[in-house]
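S.K.: Before anything else, here's the structure in question.
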Amino acid sequence: MNPEKTRIKEVPLLDVRNLETAFDIDGTDYNAVDDVSFQVKPRQIVGIVGESGCGKSVMSLSIMQLLPKGIGKVKSGQIVFDGINLEKMSESQINKLRGNDVSMIFQEPMTSLNPVFTIGYQLQEVFFNHTIISRRNARLRSIALLKSVGISRPEKIVDEYPHQLSGGMRQRVMIAIAIACQPKLLIADEPTTALDVTVQAQILELLKGIQEVNDMSIILITHDLGVVAEMCDEVIVMYAGKIVERTDVDRLFHNPKHPYTTLLLGAIPKMDEQEDRLNSIQGIVPSLINMPQVGCRFANRCPKAMPECTTITPLLENVEQGHEVACLLFDTSKPKEEMR
Ligand code: SF4
């Protein structure tokens, strides 16, 4: 293998280091993302999974610098994109970066698309904001983009309004807007949740195709492990603002370690089993203001909890090469015979 190629591949496109993102509630800061570190390499698809309230979306808004002003803030840590620390960038540099190098698509395209402007107008705005282009060429490029995301009759759709399109077509338009400037990183936050299963599969296939053609990296935020299995190279499992497990997709599905991951996998309906009830995880994710300050945040829901789980905070550690887990069952500081 070409060593130069290997070296380039290993340099992360995105390097999130010890990120803490807090929300101000009645004058007190509560961490929605708490000491999170991870990397995304060029051309890699990284899935971030967990239930609602685990901090997945807050993390993506932190990366995009789109936290609600005056309420949410990056309290500490670094977000380094393509070698540049985003915290050191000015507002106008961030605006340039957004859409150009990093783009995002959201779950419900109807809330992201402006209902009073045509599809063409909204696509052309991206070109006008990021490139120097004539109105005619922007329109032609918009039509070509719509075609590239699988929209038939793009010459007609370009003059239509969002409400005239189906949910699947609106999501295709959102993808077209997101990839208009060929970003290096696309953050897709539950991009298929609002769609029916057939359209979901088409959109995932489209994203994967674009990723391969454009050599793009993707962070895929989802609660759906089926989507992760289909799409991702690496998976990060989050619980209550922290990463509890991180590994490649094969290992996560065949050798999950953290009890939360095991329960998430157990909750996937299986084709070959006839169950009257689907498995679910008892209890709920603790709210920001009720977050345990010490011990494992999953302790009150964990079927394997031990007395020390409420007094010792587990750290994310390598349990084997390329497999990190934050659980006292795998605490490498314990003598081997004490490990279960
Ligand atoms: Fe369960 Fe304890 Fe591991 Fe937390 S540290 S996941 S409570 S066994």
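The values are calculated or read from the model by the stated rules, or taken from the named source; none is laboratory data. Everything numeric in this text was worked out from a predicted model, so none of it was measured. Heads up, the Cβs are rebuilt from the backbone with ideal geometry, glycines too, and the neighbour counts pull from every protein chain shown. Heads up: the accessible areas ignore ligands, DNA and RNA and are worked out on the full protein's heavy atoms, side chains in. Shrake-Rupley method; radii C 1.70, N 1.55, O 1.52, S 1.80 Å.
S.K.: Give the stretch 122-146 a look and list any residue that's among the basic types (Lys, Arg) and either within 16 Å of residue 178 (Cβ to Cβ) or not in a helix (DSSP H, G or I) (or both), or say none.
M.R.: At the first step, the residues of the stretch 122-146 found to be among the basic types (Lys, Arg) are 135-136, 139, 141.
Across the stretch 122-146, the qualifying residue is only 141.
S.K.: Suppose the filter is touching a residue at least 40 places away in the same chain (Cβ under 8 Å) and among the β-branched types (Val, Ile, Thr); does residue 203 pass it? I'd like the intermediate steps shown before the answer.
M.R.: Working: touching a residue at least 40 places away in the same chain (Cβ under 8 Å): no; among the β-branched types (Val, Ile, Thr): yes.
No; evaluated as a whole, the condition is false for this residue.
S.K.: Next question. Identify, please: which residue in the stretch 36-74 is charged (D, E, K, R) and out of contact with any Leu (no Cβ under 9 Å at 6 or more places or on another chain) and is, among those, most open to solvent (accessible area, probe 1.4 Å)?
M.R.: Taking the stretch 36-74 and keeping what is charged (D, E, K, R), we get 41, 43, 51, 56, 69, 73.
When the remaining residues are screened for being out of contact with any Leu (no Cβ under 9 Å at 6 or more places or on another chain), the result is 56, 69.
Details: 56: 14, 69: 165 Å².
Here the residue is 69.
S.K.: Also: Take the residues in the stretch 75-95 that are under 21 Å from the mean Cα position of the chain (by Cα) and outside any strand (DSSP E or B); name whichever of them is surrounded by the fewest Cβ atoms within 10 Å (Cβ to Cβ). Spell out how you get there, then give the answer.
M.R.: We begin by selecting, within the stretch 75-95, every residue under 21 Å from the mean Cα position of the chain (by Cα); these are 75-87, 94-95.
With outside any strand (DSSP E or B) added as a condition, the list becomes 82-83, 86-87, 94-95.
Working: 82: 15, 83: 9, 86: 20, 87: 13, 94: 15, 95: 14.
Only one residue tops the list, namely 83.
S.K.: Looking only at the stretch 290-330, count how many residues are within 10 Å of the ligand (Cβ to nearest atom) and not in a loop (DSSP other than H, G, I, E, B).
M.R.: 11
Results for (1) buried (at least 17 other Cβ atoms within 10 Å of the Cβ); (2) modelled with pLDDT under 95; (3) under 24 Å from residue 186 (Cβ atoms), shown as yes or no for each residue.
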| position | (1), (2), (3) |
| --- | --- |
| 229 | no, yes, yes |
| 233 | no, no, yes |
| 248 | no, no, yes |
| 296 | yes, no, no |
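S.K.: Still on this structure, please answer the following. Residue 33: over 26 Å from residue 213 (Cβ atoms) and open to solvent by less than 20 Å² (accessible area, probe 1.4 Å), yes or no?
M.R.: Values: over 26 Å from residue 213 (Cβ atoms): yes; open to solvent by less than 20 Å² (accessible area, probe 1.4 Å): yes.
So residue 33 passes the test.
S.K.: So residue 173 ticks every box in (1) open to solvent by 30 Å² or more (accessible area, probe 1.4 Å); (2) within 26 Å of residue 43 (Cα to Cα) but one. Which box is left unticked?
M.R.: Answer for residue 173: the failing condition is (1).
S.K.: Now, a different point. Is the stretch 157-165 home to any residue that is open to solvent by 10 Å² or more (accessible area, probe 1.4 Å) and either within 16 Å of the chain's Cα centre (by Cα) or among the small types (Gly, Ala, Ser) (or both)?
M.R.: Taking every residue of the stretch 157-165 in turn, none turns out to be open to solvent by 10 Å² or more (accessible area, probe 1.4 Å) and either within 16 Å of the chain's Cα centre (by Cα) or among the small types (Gly, Ala, Ser) (or both).
S.K.: Within the stretch 208-227, restricting attention to residues that are closer than 22 Å to residue 52 by Cβ and assigned to a helix (DSSP H, G or I), which residue is most open to solvent (accessible area, probe 1.4 Å)? Spell out the reasoning first.
M.R.: Start the filter on the stretch 208-227 by keeping residues that are closer than 22 Å to residue 52 by Cβ, which leaves 218-227.
With the extra rule that they be assigned to a helix (DSSP H, G or I), the set shrinks to 225-227.
On the way: 225: 12, 226: 39, 227: 8 Å².
Going through the qualifying residues, I end up with 226.
S.K.: Now for a different question. Six or more apart or on different chains, Cβ under 7 Å: which pairs go from a residue in the stretch 293-315 that's among the hydroxyl-bearing types (Ser, Thr, Tyr) to one that's more than 6 Å from the ligand (Cβ to nearest atom)? Could you list them?
M.R.: 310/295; 311/294; 311/295; 313/294; 313/295
S.K.: Conditions: (1) open to solvent by less than 80 Å² (accessible area, probe 1.4 Å); (2) over 24 Å from the mean Cα position of the chain (by Cα); (3) at pLDDT 90 or above; (4) over 24 Å from residue 202 (Cβ atoms). Residue 101 meets all but one. Number of the miss?
M.R.: (2)
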